[in-house]
Amino acid sequence: MTERLSPGDPAPDFTLPTDSGGTLTLKELRGRRVVLYAYPAAMTPGCTKQACDFRDSLASLQAAGYEVVGISPDTPARLATFRERDAITFPLVSDRDKSVLTAYGAFGEKQLYGKTVTGVIRSTFVIDENGVIERALYNVKATGHVAKLRRDLGID
């Protein structure tokens, strides 16, 4: 079983390639609050819905001091296609070997259509300005999750 993170745990640092051809390091975001969300695959219906919900909520999240970053095992090229196709306006990072997803407890056994499979566990992490986990939400739903997260964070 993959070890899950809890509030108060240090957020595992990472440096990963982005959809725009650069790299993103969690340490670069210190001083800002971060919503890091893990999703299984770009351009699938659920992942598209979730990404578009984050895109549509980005202004209110940023106004409340949050940066949004999406993480998946997709290639940077596929992430770039996803960004362009759906006008995603926040960074998407590629974790091809799933080491960062594993460190966050977002890769492992999960239930899919009644079967136990190994894969990306749809998860969201709220990380404070000092790189500490404030919230670790596992097995979230693609639809409605962003609205619930905003309510939980007190963001209109």
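Would you confirm whether or not the range 17-32 contains a residue that is surrounded by 14 or more Cβ atoms within 10 Å (Cβ to Cβ) and touching a Lys or Arg at 6+ places or on another chain (Cβ under 7 Å)? Working first, answer last.
Looking only at the range 17-32, we keep the residues that are surrounded by 14 or more Cβ atoms within 10 Å (Cβ to Cβ), and these are 17-19, 23-24, 26, 29-30.
Keeping just the survivors that are touching a Lys or Arg at 6+ places or on another chain (Cβ under 7 Å) gives 19.
Looking through the range 17-32, at least one residue is surrounded by 14 or more Cβ atoms within 10 Å (Cβ to Cβ) and touching a Lys or Arg at 6+ places or on another chain (Cβ under 7 Å).
State whether the residues of the range 79-87 include one that is surrounded by fewer than 21 Cβ atoms within 10 Å (Cβ to Cβ), on the phi < 0 side of the Ramachandran plot, polar (S, T, N, Q) and at pLDDT below 95. Scanning the range 79-87 turns up no residue that is surrounded by fewer than 21 Cβ atoms within 10 Å (Cβ to Cβ), on the phi < 0 side of the Ramachandran plot, polar (S, T, N, Q) and at pLDDT below 95. Within the range 34-47, one or more residues are more than 23 Å from P10 (Cβ to Cβ), hydroxyl-bearing (S, T, Y) and without any contact (Cβ under 8 Å) to a residue 24 or more places away in the chain. Just one of (1) surrounded by fewer than 18 Cβ atoms within 10 Å (Cβ to Cβ); (2) in a strand (DSSP E or B) fails for I133. It is (1). Considering only residues that are touching a helix residue (DSSP H, G or I) at 6+ places or on another chain (Cβ under 8 Å) and among the hydrophobic types (A, V, I, L, M, F, W, C), look in the range 70-92 and name the one that is nearest to I121 (Cα to Cα). Once the filter is applied, the top-ranked residue is I71.
In the set A59, A51, only one residue is hydrophobic (A, V, I, L, M, F, W, C) and loosely packed, with under 14 Cβ neighbours inside 10 Å; that residue is A59. Being in contact with a strand residue (DSSP E or B) (Cβ under 8 Å, 6 or more places away or on another chain) and at positive phi is a property that holds for G8. For the range 113-121, the count of residues that are in contact (Cβ under 8 Å) with a residue 40 or more places away in the chain, out of contact with any Gly (no Cβ under 8 Å at 6 or more places or on another chain) and surrounded by 18 or more Cβ atoms within 10 Å (Cβ to Cβ) is nonzero. When you look at E3, is it over 24 Å from G108 (Cα atoms) and of a type in the set (D, E), yes or no? So E3 fails the test. Do we find that I133 is out of contact with any helix residue (DSSP H, G or I) (no Cβ under 9 Å at 6 or more places or on another chain), among the hydrophobic types (A, V, I, L, M, F, W, C) and closer than 24 Å to T23 by Cα in this structure? Taking the combined requirement at face value, the residue satisfies it.
The values are calculated or read from the model by the stated rules, or taken from the named source; none is laboratory data. Bear in mind the structure is a predicted one, so any value in this text is a computation, not a measurement. Note: ideal-geometry Cβ built from the backbone for every residue, glycine included; neighbour counts use all protein chains shown.
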